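The values are calculated or read from the model by the stated rules, or taken from the named source; none is laboratory data. Not measured: the values here are computed from a predicted model. Reconstructed Cβ throughout: ideal geometry from the backbone, glycine too, with neighbour counts over all protein chains shown.
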Amino acid sequence: MDLSNLRPAKGSVKKGKRLGRGQGSARGGTSTRGHKGAKSRSGYSKKVGFEGGQMPLQRRVPKSGFKNINRKEYKGINISTLQYLAEQNNIEIIDFQALVLAGLVSKNASVKILGKGTLEKKLVVHAHAFSKSAKEAIEAKNGTAVIL
């Protein structure tokens, strides 16, 4: 057996209907497209959201809001998570690399430390941003909050 004699199974491939090949074919004339209108023409394709000439939904609904192009997106991590991470790995310095290795953030993310939870350990925390309460909680335990 080689590539030259590969064939599909008998009866598995059907010939397509030959439309518009004269009146004797029983599908000449309009070629099953009906009479006139856009759908009978060649090259017709319906636009996305087309509703038969009725004003489409995306044009009926008014525009609202805006997208702030200067917005900085942060991945929030609570100090309770930092406390857990410090206990599990027995570390005092939590930098960005430690968060990536723990699987908490991706290497391209920006990190903001948030103030939910309690801190029982002195920590040195490196992050892109800190909430006011998180910074106070870290500094209350004589730790330091380092902004990257």
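Of note:
- Remark: pairs (first residue in the stretch 73-87, more than 15 Å from Gly143 (Cα to Cα) and hydrophobic (A, V, I, L, M, F, W, C); second residue at pLDDT 90 or above and part of a helix (DSSP H, G or I); Cβ separation under 7 Å; 6+ apart in sequence or on different chains) are absent.
- Residue pairs whose Cβ atoms lie under 6 Å apart, sitting 6 or more positions apart in sequence or on different chains, and linking a residue in the stretch 90-115 that is without any contact (Cβ under 8 Å) to a residue 60 or more places away in the chain and under 14 Å from Val146 (Cβ atoms) to a partner that is hydroxyl-bearing (Ser, Thr, Tyr) and assigned to a loop (DSSP other than H, G, I, E, B), are Lys112/Tyr74.
- The one condition in (1) surrounded by fewer than 10 Cβ atoms within 10 Å (Cβ to Cβ); (2) among the β-branched types (Val, Ile, Thr); (3) over 30 Å from Lys107 (Cα atoms) that Thr30 fails to fulfil: (1)
- Condition check for Ser12: farther than 30 Å from Val61 by Cα and in a helix (DSSP H, G or I): no
- Filtering the stretch 1-25 to residues that are of a type in the set (A, V, I, L, M) and loosely packed, with under 10 Cβ neighbours inside 10 Å leaves Met1, Leu3, Leu6, Ala9, Val13.
- The set of residues in the stretch 90-109 being over 14 Å from Val125 (Cβ atoms) and either assigned to a helix (DSSP H, G or I) or not polar (S, T, N, Q) (or both) consists of Val100, Leu101, Gly103, Lys107, Ala109.
- Restricting the stretch 110-132 to residues that are more than 18 Å from Glu87 (Cα to Cα) and of a type in the set (S, T, N, Q) leaves a set whose member that is surrounded by the fewest Cβ atoms within 10 Å (Cβ to Cβ) is Ser110.
- The stretch 32-47 residues that are on the phi > 0 side of the Ramachandran plot, paired with ones that are modelled with pLDDT of 90 or more and in a helix (DSSP H, G or I) (beta carbon under 7 Å, 6 or more apart): Gly34/Ser40
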